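The values are calculated or read from the model by the stated rules, or taken from the named source; none is laboratory data. This structure is a prediction, so every number in the text was calculated from the model and none was measured. For neighbour counting, all protein chains shown are included, and Cβ atoms are generated from backbone atoms with ideal geometry for every residue, glycine included.
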Amino acid sequence: MSLGITITFDVFNTAQNSIGKSCGSTVTVFQNTTTSITANLSSILPSYSFEWLTNNFSPNTSITPSIVVNTTTVGTYVYLFVVRDSVSNLQQSCQINIAVQKELTLNDLQVAIDSGPSQIYECGSTITVAIGNVLTITSNQNFGFAPFSYGWTVNSIPTGVTTETFTYTV
């Protein structure tokens with residue numbers, strides 16, 4: 001029985017930037033990054049307790065609204081946050097999925113600024129761009145086997161873009 005408790009999540013990555021998500025959401029993070037989840041509750045009674053269950057819903061030792069996510073192995077992991085009353089009756093639960101992906105560093109990138117001619121830049125290069133310009137970045141991979149999977153980040157935060165080309169306004 002639920003008493004009208006609403007649960008949302010904040011997922012924090014290595015840079016401590018928060019990604020707010022609702023129940024049932026999936027968040028993509030990179031392998032071997034420090035990631036934590038904090039459950040936010042709309043209301044709670046002091047006698048209520050929290051429990052985190054993971055993957056096969058085996059109990060996790062955390063009994064607080066926050067948990068550190070294991071990102072050492074690539075895969076998708078289920079985290080279920082459970083709220084119980086003073087006699088251990090289930091009051092509310094909410095699930096969030098964490099998809100751990102391997103981060104691939106490319107040798108070079110093709111960059112076009114404001115739809116101008118593109119140039120090839122080696123990864124790690126510094127490109128000076130004026131604020132307001134639009135960057136179109138395309139990966140150049142000449143190894144591996146298609147189809148490829150893509151994931152772009154800005155300041156270590158996954159953007160959600162999963163295509164070969166990424167457009168970003170500075």
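Among the residues of region 141-170, what is the count of those that are surrounded by 13 or more Cβ atoms within 10 Å (Cβ to Cβ) and modelled with pLDDT under 70?
Residues in region 141-170 being surrounded by 13 or more Cβ atoms within 10 Å (Cβ to Cβ) and modelled with pLDDT under 70: 1 in total.
Anything in region 65-96 that is polar (S, T, N, Q) and either within 24 Å of N13 (Cα to Cα) or in contact with a Lys or Arg (Cβ under 7 Å, 6 or more places away or on another chain) (or both)? List them, or say none.
Result: S66, N70, T71, T72, T73, T76, Q91, S93, Q95.
Got a sec? Which strands (runs of 3 or more DSSP E) wholly within region 71-130 have at least 1 residues that are modelled with pLDDT under 75 and surrounded by 11 or more Cβ atoms within 10 Å (Cβ to Cβ)?
Filter on region 71-130 gives 108-113, 119-122.
Within region 8-26, can one find any residue that is over 23 Å from Q101 (Cβ atoms), touching a strand residue (DSSP E or B) at 6+ places or on another chain (Cβ under 8 Å), crowded, with 16+ Cβ neighbours inside 10 Å and modelled with pLDDT of 80 or more?
Within region 8-26 (the criterion being over 23 Å from Q101 (Cβ atoms), touching a strand residue (DSSP E or B) at 6+ places or on another chain (Cβ under 8 Å), crowded, with 16+ Cβ neighbours inside 10 Å and modelled with pLDDT of 80 or more), the answer is yes, since at least one residue qualifies.
Would you pick out the residues in region 27-37 that are at pLDDT 85 or above and of a type in the set (S, T, Y)?
T35, S36
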